Each structure stands twice: as structure tokens, then as C-alpha cells.
Amino acid sequence: MKKYVKYAFMGLIFAMVFCCIKNFVAYRLPGKSSGMQAAIQEKNIDYLFLGSSLFRQGIDINIALEETKGNCFIISYNGNQPVQMREELAMLLKHQVEIENIYVDLYVYSAALRPAISDKRFIWDMDTRGKINVFSEMVEHSEAGTKEFVDFFISANNEYFLFYPIFQLVGRNEFYKGGNLRETPGRTRNVLDHLETPGDRERIHEAQKQALIDIITMCKEQGIHLTFLEIPKYYTLEQADYYQRLQGELEQIIEGQEYISASQVGFDNRNPENYQDLFHLSARGRREYTKQLLNVELR
Amino acid sequence: MTFDTIRFCVFFMMVMGGFYLTPVAKRKYVVLASSVAFYLLLDVKVSLLGFVTVVFTYFGARIMERLRQEKIIYGRCCFWGIITILIGILLGFKYLNFASDVLCQVLQWFHLSTQKKVFELFAMIGLSYYTLKAVMYVAEVYQERRKPEKDFVALASYLLFFPQIIAGPIDPPRSLLSQLKGKLCYREELAKKSLLFLASGYMKKLVIANMIVGYVDCIYDDVTAYGGLTLLYGIFLYSVQIYCDFSGYSEISIGLAGLLGIEVGDNFHCPYLAADIKDFWNRWHISLSGFLKEYIYIPLGGNRKGSVKKVRNILVTFVISGLWHGANYTFLFWGFLHGILNCLCKKTKRQDTNCNTFQDRVKLFGNIALTFVLVTVGWVFFRANSFQQAVTLLYRLVTEFSASVSMDGVREMVMVYTGDMMSLSPFLMSGCLMFLLFVREYRCTYGGLAGQYDKMGNQENMVWFSLCIFFIICFGNFGSQGFIYANF
């Protein structure tokens, strides 16, 4: 039995060491083309787009760089919530990244949820303080327990850590300054019209509301020009009553701040070729929307 | 509460504590009490039917024995009566919904009814497993291979034995019941072996099976959305998933029983390294294969009454095996397909570990690959939501394969799960783990570990044990998925 205990202990120690290195060291690994660490490496960002996958699919980085003539960067994580965006902004500021303009995603579906992580890349990219802050929010508002702790600090991103060099070699060409370079095709009207819209969400979550207020305060304190941005969704989704109600609620929270709604840009959200699903733009839609957005913004 | 949850770990710790604190002679009571508690935590309805089955089997077998002593024909009638009732309950709960669907379809053809369901019954977890155990027990008593059990607690513990209840193995009473009647002592060698099985089983289930389940589900949710290469990879992954899920469960079950001092038979022995279909069935779900052979194939006449009847018997046995898995045309066809493949399979000399020459090895690998491909095609029917979906998948696999062999095809194959290149890491990780498992199993079957894969003292086994613990902690996906075979 002694031998058994020895080998069991070896497995345990090896796992613990692996997880510790991942949590404390991995986010510092070099050579990233997207995410927080890549943004920190930029040092000066003229136009920062901070949001969910809607930003990744909705803002074309090459067009943004060309039109603005400044340094642009997109930070996007799937389902990125205001609670997480606040930590991301705090981490950028902590690392003394100079930001001139920031565009924050006003996305009803992530703001209506309890604090939770949908994209494990967020955990990978955050420093220890940021991880602890977000996990504390989860504990406070979502009753996160042992399972979530294990997911957050032990299980998340292990395979990514293990295959980091290969991923960097193959995957880094997918992004440039956080922008998606893939040519994602659009869908047909038949497909999009038959996609079910997601179910109703009751209201904007208090923790998310507070996070949006904190983001506004942080930007004011740092002298960053803040604009909230609503990426146009496919028209069937935008017309849903609950979507409009929640969007209205969000607009109330950010009242007095600069805000570009989907309708202001004049984007054709009925053209199925512009969409890969109800939320995300296709490559064609991404290019068209970015041009129109920057036309409105830089005018 | 399944084996892959923290709740179960706590439950089992308590059982272990209670078991070893109790005097040896009374440990079977702890086994029964924990089985009952496990059942009640699963579902009260399930436990009620389980208790009814135990009481019915216990008294049924005793009455049958008494009647047989009066007159043999009475005993025979009683035996068939008990079997009919036991199988009737099983059929009722498993197949009434299917029968209802078929009936509705027939009625609709004649424009007699448009009602969607005639009957609808809830699923009974574990029903198949304890019913088959009850059938085996009654049959052994009827065949005078054992006396009817006087010890109600031992019989109840055998039928409801909690490590085996969700998905087997279906151990015959001659091994398990006899142990439950005897002294349940701590056996160090068995405990060591059990720890190896537990680690390996949890690794297969929590790490490999749970890592690829999302990918497989994506593919089978919409088979028309993907190219041939992606579909091919998807069906390959399902073969791996079902094996790791089910053999993982079986190994956990064997390990749990072993820690309670009870030795349970193997249920899998590296089935994907089988050199032909017959060999595959000697290695896959060994306890069910044994049951079907002993209680269906041999009573039908086996291979003794000419080749035509032998073919018939094989087909009947496999069709029943298919239907046992579930009431659907897909399972029926899966069973039939395996029956046909078994009939076509020549009686070949069993491959052993003596593959000394290069030619022998090439031949062996060829046979293993061919068997794996055939089994994988069978799994398409087993996994598909409908017969039509399975045919569509295979059709698209053939017609769209060449078009999908390109960089875009490979990219699509990698990115099915998360839709972006982040999928690359789980893709590589699952690939590495599958390769590691293949090497381990190859060594256990044809290599240096043949015959000693469960020997704890072996250095290679110890390293494997250590690796399993590392993988479970770092890559385990706890409590997120049930076991596939719990549905059967």
C-alpha cells in the first residue's frame, strides 16, 4: 500500500504544480495576438473595443485601423459581462496602458445574467487579482461553490496551457490586434428566419448594473473617452419585446453617456448575408458595419 | 446521483466507513442498506420496483423449488411464470413507449387515430440490470445449479448491489451471491487492484468521454451541417466515447466493489483491439454477452443443429441484444448488423501475443483496423437519433468525403465544438489521451503487460495509476454528463 500512496501522491503533486504554474505564470506567456495580454503589450491604444464575441465578429480590425489612422484593439470574450469588463479595464489601467477612446459593448444577454464565466480564455488572460475579484462576484451573486472553484482555478485552460506553443503557431494567425480575420460566411434567409430567438431574461442583473456604473466612473477618473455601443442583431431578435425592454433598461443605466445604438448606424440588419446567426455578423457584415460605424463616429 | 459526482464520493466514503466499522459477519447488512440508500437517492419509484422484484424473486424461487419437489411440471410452469412476469415488467417499462409509437404509426396509416401517444411510461434506471440478475438466479435454481436462497439479505444485496445498478456488469449469482453470503473481509491485493481500476475508470469517463461528448453531440445534432471529414471524425469519436464511458463505468463499478472486499468479473477487455467481430464480442460488455450466450443462444440450439439454425440463432441473439439496448429501429438494426457480421466472420485462430514477425504484426493491425471500422459503422446506428439520420450520415460521409479533404475541411473538423481555433487545444488533448489509451491497451493485450494489466506492483501500472490521478484532477469534467449505458 505504501507504494500505492507514493504514486497517488506523485500524481496529486504533479497536478497541483501544473495548476499553480498555470494560474500564476501562464497569463504572462508571450506571443499573443488577442486578449488582455496582447492589449497590455500594445501600451498605447487610441481606440479600444471592449466587449463580447459580438465585437470580435462585428468590428473589422483592418478597416478600423485604416479609417481611424490610430492604434485600435479589440478585447472580446464570449459572453463577456460588464462585471468582467470592469476587471479587464482595471487590469489594463493597472498595467499603465494608455487608452484614449473606449467602446464598451452594451449587450443585453450578458448584462441580464448573474456573474458567470462563459469564456475560459478570460480566466487564462486575467492576473491573479482579477481572477479572485471575478470569482468573489460569482460567490456573492451566483452562489458559486466548490465545483465553480475547481472549474475556475484547477480545470480551466489546462489543455490550452499544455498545447500553448502549438496553439500559438497555428491559432495566432486567426487574429490581429484582437480582431477576427476569418472569412465567416453569411446564412440564407430561410436559415436565419427559422432560428429560435433565445428565451426571455427577466431584467438587468444588479451586479452588472453596478459594473457598468463602475466602468463609467473609472473612465471619468482616467480621462478616457467612453462610448457604449450596441452591435446590430438580426431583425427578428431586435424586434422581440423582451430584447427591446432589456435594451431600454440598459440605456437608462448609462443615461448621460455617449451611446451608439444599432439603429443609428443605418446597418441593414435584414440582409441574411450580413449574419452568421441571430447575434453575430458575417465577414461581409463585419466590414460593412465597421465602415458605417466609423462614418458615424468620425464624422 | 451518479458515480462521477462529488456527492457520490461522499456517499461512498460513508459506506466504506460503515462497512469496515461493522463486524465481518454483518457487513452484508451494510451492503444492503447502502444499496437501498443509493436507490432512494436515485429515485423512489425505481427503488419501489426494485424491492418488489427482490421480494418476488426470493419467494418465487422458493415456491418454484417446493412445487418442483411435488411434481416437475409444476416447477416448470412456475419457472416460466416467474420469468414471464420478470421479463414482462422489463418489457413493459422499456418497450411500451416504443410499442405505442409503432401502434400510432400503424393507426395513422389507416387514418384511425392521430393521437401522439397511447401510453407513456417513465424510464426505470437499473431495471434491465437487476431483472437480468433475477432471471439468472431463478434459472440457476431451476437448473438445480444452486439451492433457493434462504438468506433474504444476501439475495437482496446481490440483486440491488449498488456499484452495479446503473449500468452493470451483470454478474451471475454463482460468483457474486456466493461472495455476499460469505465473509466480506478487506483484501489488500483486491483493494490495490480496485484502486487501479477506479483511477483508470474515472480517467476514461471524466477525462476522455466527457471531453469528446460535446463534439459528438454537435455532429449528431445536425449531420447535414458538416463535411465528410468532420463526420468521419465525429463517428470515430463516438466509438471512443461509448467505450470510455461504458468501460470507464464498469471499471469504477469493479473498483468500488473491490474496496468492499467483493470481486466482480471484468466487463471489457480492450475490445477495439479485437482481431475480428467474434473476438470483439468476447471483449465488449462481457457480462451481457455471457448472459445472451447462456440464456438465449445455447437454449435456442447454439451451433449444434446445422449451419442454417446456427445462423438463425446468432441473428436472433443479436437482434435481442439490440432490442435490449433500447426500443428503436436503430438498435434493432445495430443488433442485426452485428448478427450478420458474426455469421460472416470465419472461425479464425485467436490472435495471441506471439506476433513475432513483421508480417504477423501487419496482418494483426489490418484485422484490428477492419474490425474497428465495422464496429464504428455499427455505432452510427446505435447513436443516431433515427434510422434515417444514420443513413444520411453514412451517405454524406461517402459522397462528400473527397470534397472535404482540404485545409478548410480540416479547419471545420477541428472547430466543430467551440467554433474557433480555441478548439485546437481540446482537439489535440483528446487526440493525445486517445493515443495514450491505445498504447496502454495495446500493451495490455499484445505487449509486455499482457496478463498483468491489473497487477498493482507492476511499475508500468503504477505510472499509469499516477498519470490517471493527474489527468483526473487537471482535465476531469465532473458531474456534467450521465453514463450512456444508464439509459439501457
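Going through segment B:414-436 one residue at a time, which ones are part of a helix (DSSP H, G or I), more than 7 Å from chain A (Cβ to nearest Cβ) and at pLDDT below 70? Outline the logic, then answer.
Within segment B:414-436, the subset part of a helix (DSSP H, G or I) is B:414-415, B:421-436.
Okay, now just the ones that are also more than 7 Å from chain A (Cβ to nearest Cβ), so B:414-415, B:423, B:427, B:430-436.
Of everything in segment B:414-436, just one residue is part of a helix (DSSP H, G or I), more than 7 Å from chain A (Cβ to nearest Cβ) and at pLDDT below 70, namely B:SER423.
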key: Residues of segment B:455-487 that turn out to be surrounded by fewer than 20 Cβ atoms within 10 Å (Cβ to Cβ), modelled with pLDDT under 65 and over 14 Å from B:TYR249 (Cα atoms), as a count   = 3
ask   = Of all residues in segment A:131-148, which are surrounded by 14 or more Cβ atoms within 10 Å (Cβ to Cβ) and within 14 Å of another protein chain (Cβ to nearest Cβ)?
value = A:LYS147, A:GLU148
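Being surrounded by fewer than 19 Cβ atoms within 10 Å (Cβ to Cβ), closer than 24 Å to A:LEU281 by Cα and more than 13 Å from chain B (Cβ to nearest Cβ): is that true of A:THR128 here?
Details: surrounded by fewer than 19 Cβ atoms within 10 Å (Cβ to Cβ): yes; closer than 24 Å to A:LEU281 by Cα: no; more than 13 Å from chain B (Cβ to nearest Cβ): yes.
It is false that A:THR128 is surrounded by fewer than 19 Cβ atoms within 10 Å (Cβ to Cβ), closer than 24 Å to A:LEU281 by Cα and more than 13 Å from chain B (Cβ to nearest Cβ).
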request  = Check B:THR445 against each of (1) more than 13 Å from chain A (Cβ to nearest Cβ); (2) at pLDDT 85 or above and name the one condition it does not meet.
outcome  = (2)
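Can you list the helices (runs of 4 or more DSSP H) found entirely within segment A:1-100 that contain at least 2 residues being surrounded by 17 or more Cβ atoms within 10 Å (Cβ to Cβ), within 14 Å of chain B (Cβ to nearest Cβ) and within 19 Å of the chain's Cα centre (by Cα)?
Numbers: elements: A:2-25, A:36-42, A:53-58, A:61-68, A:82-94.
Counting at least 2 such residues, we get A:53-58.
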remark   = Checked against (1) part of a helix (DSSP H, G or I); (2) open to solvent by less than 50 Å² (accessible area, probe 1.4 Å); (3) of a type in the set (A, V, I, L, M); (4) not assigned by TED's automatic domain parsing to the domain that holds B:VAL138, B:MET1 satisfies every condition except (1)
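Considering each of A:GLU273, A:GLU288 in turn, give the residue that is under 25 Å from B:ASP222 (Cα atoms) and not small (Gly, Ala, Ser).
Details: A:GLU288 fails: under 25 Å from B:ASP222 (Cα atoms).
Only one candidate passes the filter, namely A:GLU273.
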Filter result (among the β-branched types (Val, Ile, Thr) and assigned to a loop (DSSP other than H, G, I, E, B)) within segment A:113-134 = A:ILE117
key: Of all residues making up segment B:331-363, the number that are assigned to a helix (DSSP H, G or I), in contact with a Leu (Cβ under 9 Å, 6 or more places away or on another chain) and at pLDDT below 85   = 0
query = Restricting attention to segment A:156-176, which residues are part of a helix (DSSP H, G or I), at the interface with another protein chain (Cβ under 7 Å from one of its Cβ atoms), surrounded by 17 or more Cβ atoms within 10 Å (Cβ to Cβ) and not charged (D, E, K, R)?
reply = A:ASN158, A:TYR160, A:LEU162, A:PHE167, A:GLY171
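The values are calculated or read from the model by the stated rules, or taken from the named source; none is laboratory data. These numbers were taken from a predicted model, which means no experiment stands behind them. Positions of Cβ are generated from backbone atoms using ideal geometry, with glycine treated the same way; all protein chains shown enter the neighbour counts. Keep in mind that these areas ignore ligands, DNA and RNA; they rest on the heavy atoms of the full protein, side chains included. Shrake-Rupley method; radii C 1.70, N 1.55, O 1.52, S 1.80 Å.
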